[in-house]
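In what follows, a single structure is set out as structure tokens and then discussed.
The values are calculated or read from the model by the stated rules, or taken from the named source; none is laboratory data. It should be emphasised that the depicted structure is a prediction, and the values quoted were computed from it without experimental measurement. Note: ideal-geometry Cβ built from the backbone for every residue, glycine included; neighbour counts use all protein chains shown.
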Amino acid sequence: MKPKFYITTAISYPNGTPHIGHAYEAMATDAIARFMRLDGHDVYFLTGVDEHGLKMVQTAEKQGISVRELADRNTPVFKRMVEALGCTNDDFIRTTEPRHHAASQAIWQKMVDAGDIYPSTYAGWYSVRDEAYYAETETVVGEDGVRRGPQGTPVEWTEEDSYFFRLSKFEQPLLDHYEKNPDFVLPRERLNEVRSFVRSGLQDLSISRTTFDWGVKVPGAESHVMYVWVDALTNYITGVGYPDTGSESFKRWWPADLHVIGKDIVRFHAVYWPAFLMSAGLDLPKRVFAHGFMLNRGEKMSKSVGNVIDPFDLIEHFGRDQVRYFFLREAPFGQDGNYSPEAIGTRINADLANDLGNLAQRSLSMVAKHCNAVVPQPGELRPQDETMLAAADALFGKAREAMKTQSLHTVLAETWSVVADANRYFAGEEPWAVRKTDDARFRTILYVTAEVLRQVGILAQPFTPEAAAKLLDLVGAPKDEREFVHLGSGHRLKPGAPLPNPTAIFPRHVEARP
Ligand code: ME8
């Protein structure tokens with residue numbers, strides 16, 4: 001039986017349409033899911049939307065519609081975005097679904113049974129935009145007189161009857177868990193932040209609201225709805241069949257292997273979520289990876305600045321694979337990155353159209369024209385051929401090593417460095433000149449180039465799935481030999497295999513503005 005890998009994105013608030021940050025997270029998670037599948041894992045990939053919370057309530061009020069209508073209007077757009085990006089998710093969860101209410105009530109009950117939930121009154125600061133409670137010491141009053149939380153969003157004073165979760169009880173267990181599992185949160189800096197937050201002392205957490213009724217009802221206290229983060233985090237277990245912990249699905253997939261989230265919501269995933277799970281007697285996820293923010297030329301996207309770019313426009317303008325490649329290559333995964341239409345256009349032209357696309361086009365056209373459109377028979381290999389093939393054969397080890405810490409950009413950088421080697425090799429060997437004097441050598445150069453392209457194609461599949469499939473067709477890689485076990489020297493291209501007519505895999509992108 002294959003090893004399992006359960007991976008999730010955060011679930012987005014559908015209080016508006018999706019932005020590039022949502023798209024970034026979805027494509028990165030999809031690339032990891034595809035990588036793990038190609039690397040022999042049985043993968044379950046969950047994404048979805050977080051439809052409860054005060055932010056949804058307030059947005060609906062502003063728009064003069066019901067919260068349900070707001071969710072029904074935007075959720076399908078998130079679903080379409082995930083499809084437009086080519087995501088291979090197995091499920092798309094909405095937190096308003098009955099299965100999710102049942103799961104949230106069940107985990108709540110477990111926490112009650114453990115003695116970790118008690119009624120009291122909350123009085124403190126709340127940020128609607130972050131859907132987060134902050135200690136007074138975490139807030140500051142700005143020059144404009146507005147009090148803001150640590151993420152810069154306004155907070156409002158909130159006082160109401162509320163149930164509390166005994167978060168304070170989990171201070172030491174959490175610290176012990178971080179100590180024993182130093183890769184529980186990556187990148188490492190994020191774990192350090194979390195650790196110092198926990199060390200500074202955990203207050204019990206207000207986990208229900210009584211001033212609005214949009215949410216999951218608290219079992220046995222119908223006037224309370226759960227604090228949105230209690231039910232939102234629970235989506236990760238709803239998605240695999242909770243509360244039926246005896247089900248095949250739950251036993252197979254839980255605990256999650258990887259939660260991919262943005263750096264602004266680490267506290268919820270690395271403090272609250274493991275504490276809820278410990279209280280409920282459930283296993284903890286193996287890892288939380290916090291990616292950075294995608295900034296438009298260094299600035300945060302905002303409607304008022306007018307720099308919000310619609311993911312659908314980008315995909316339509318540049319192409320799905322191109323957008324995926326750009327975002328996953330441009331910024332180290334885990335750090336902030338910048339994008340602009342110019343930067344996307346430049347990268348597409350340089351890496352995809354020129355480096356990979358041209359090499360494939362030039363070499364395979366020669367094969368089509370001069371080698372009867374079959375994989376050429378190589379002659380004896382020279383040292384430079386061996387070196388070139390060895391670089392391609394070494395790729396898989398490097399990629400797998402990089403993926404152990406979700407270093408997506410490293411996988412791409414290593415792969416494209418072999419593409420650069422192959423360009424140097426091809427230019428240096430001058431097959432167009434050699435053809436006139438030494439046909440066997442000519443075929444060898446083309447064979448080696450095609451074999452390098454095969455391995456590059458296999459490794460590019462998680463990132464640029466359509467173009468990679470096309471490249472693999474063009475070099476004659478059998479359809480059932482495109483997984484990572486087929487990388488390296490054991491599955492070289494078979495001389496004589498027929499090849500289709502070479503067509504461009506990545507068109508050059510001339511105009512840079514969407
Ligand atoms: O936080 N760049 O939802 P959300 C990169 N519902 N990532 C970004 C980003 C940007 N500019 N802006 C947001 C929520 N994100 C909760 C999650 S999970 C149980 C509940 C990321 O719609 C953000 O960090 O505000 C988060 O991981 C995801 O997009 C959804 O953000």
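In this structure, does Gly53 turn out to be within 12 Å of the ligand (Cβ to nearest atom), more than 24 Å from Asn307 (Cα to Cα) and of a type outside the set (D, E, K, R)?
yes
Against the conditions (1) in the same structural domain as Ala106 (by the TED database); (2) surrounded by fewer than 19 Cβ atoms within 10 Å (Cβ to Cβ), where does Glu160 fall short? Just the number, please.
Going through the list (1) in the same structural domain as Ala106 (by the TED database); (2) surrounded by fewer than 19 Cβ atoms within 10 Å (Cβ to Cβ), Glu160 breaks only (1).
Okay, residues lined up against (1) farther than 19 Å from Pro462 by Cβ; (2) within 12 Å of the ligand (Cβ to nearest atom):
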{"residue": "His19", "(1), (2)": "yes, yes"}
{"residue": "His22", "(1), (2)": "yes, yes"}
{"residue": "Ile32", "(1), (2)": "no, no"}
{"residue": "Ala71", "(1), (2)": "yes, no"}
{"residue": "Phe78", "(1), (2)": "yes, yes"}
{"residue": "Thr88", "(1), (2)": "no, no"}
{"residue": "Asp91", "(1), (2)": "yes, no"}
{"residue": "Tyr118", "(1), (2)": "yes, no"}
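Working only within region 187-225, note down all residues that are touching a helix residue (DSSP H, G or I) at 6+ places or on another chain (Cβ under 6 Å) and in a loop (DSSP other than H, G, I, E, B).
Listed by number, the residues that qualify are Leu202, Asp204, Ile207, Phe212, Trp214, Val216, Pro219.
Can you tell me which residue is nearest to Ala504 (Cα to Cα) among those in region 361-370 that are of a type outside the set (A, V, I, L, M) and surrounded by fewer than 22 Cβ atoms within 10 Å (Cβ to Cβ)?
Residue satisfying both the conditions and the ranking: Gln361.
Kindly establish whether Phe184 is within 11 Å of the ligand (Cβ to nearest atom), touching a Pro at 6+ places or on another chain (Cβ under 9 Å) and not small (Gly, Ala, Ser).
no
If you take the residues of region 397-407 that are out of contact with any His (no Cβ under 9 Å at 6 or more places or on another chain) and in contact (Cβ under 8 Å) with a residue 24 or more places away in the chain, which of them is farthest from Ala460 (Cα to Cα)?
Ranking the candidates gives Thr405 first.
Name the residue that is farthest from Arg320 (Cα to Cα), counting only residues in region 34-50 that are in contact (Cβ under 8 Å) with a residue 60 or more places away in the chain and within 10 Å of the ligand (Cβ to nearest atom).
Taking the candidates together, the pick is Asp50.
Looking at region 371-384, which of its residues are surrounded by 15 or more Cβ atoms within 10 Å (Cβ to Cβ) and over 20 Å from Leu459 (Cβ atoms)?
Those that are surrounded by 15 or more Cβ atoms within 10 Å (Cβ to Cβ) and over 20 Å from Leu459 (Cβ atoms): Cys371, Ala373, Val374, Pro376, Pro378, Gly379.
Out of region 460-471, which residues are surrounded by 24 or more Cβ atoms within 10 Å (Cβ to Cβ) and closer than 21 Å to Gly490 by Cβ?
Ala460, Pro462, Leu471
Quick one: which of Asp321, Asp244, Asp264 is at pLDDT 95 or above and touching a strand residue (DSSP E or B) at 6+ places or on another chain (Cβ under 9 Å)?
Answer to the check: Asp264.
Under 6 Å by Cβ, and 6 or more places apart or on different chains, what pairs join a residue from region 262-278 that is under 16 Å from Ser196 (Cα atoms) with one that is within 10 Å of the ligand (Cβ to nearest atom) and part of a helix (DSSP H, G or I)?
Qualifying pairs under 6 Å: Phe268/Trp229.
For residues in region 290-318 being touching a residue at least 40 places away in the same chain (Cβ under 8 Å) and small (Gly, Ala, Ser), which is surrounded by the fewest Cβ atoms within 10 Å (Cβ to Cβ)?
Gly298
Would you be able to say whether some residue in region 436-443 is among the hydroxyl-bearing types (Ser, Thr, Tyr) and surrounded by 18 or more Cβ atoms within 10 Å (Cβ to Cβ)?
no
Can you go through Ala450, Ala467 and tell me which one is in the same structural domain as Leu408 (by the TED database), in contact with a helix residue (DSSP H, G or I) (Cβ under 8 Å, 6 or more places away or on another chain), of a type in the set (Gly, Ala, Ser) and more than 30 Å from Gln406 (Cβ to Cβ)?
Checking each option against the conditions leaves just Ala450.
Provide a single number: the residues in region 67-115 that are under 27 Å from the mean Cα position of the chain (by Cα), among the small types (Gly, Ala, Ser) and under 12 Å from Asn235 (Cα atoms).
So the answer is 2.
Which is modelled with pLDDT of 95 or more and over 23 Å from the mean Cα position of the chain (by Cα), of Gly64, Gly48?
Gly64
How many of the residues making up region 1-15 are more than 9 Å from the ligand (Cβ to nearest atom) and modelled with pLDDT of 95 or more?
Of the residues in region 1-15, 6 are more than 9 Å from the ligand (Cβ to nearest atom) and modelled with pLDDT of 95 or more.
Out of region 145-182, which residues are in a loop (DSSP other than H, G, I, E, B) and in contact with a Leu (Cβ under 8 Å, 6 or more places away or on another chain)?
Pro182
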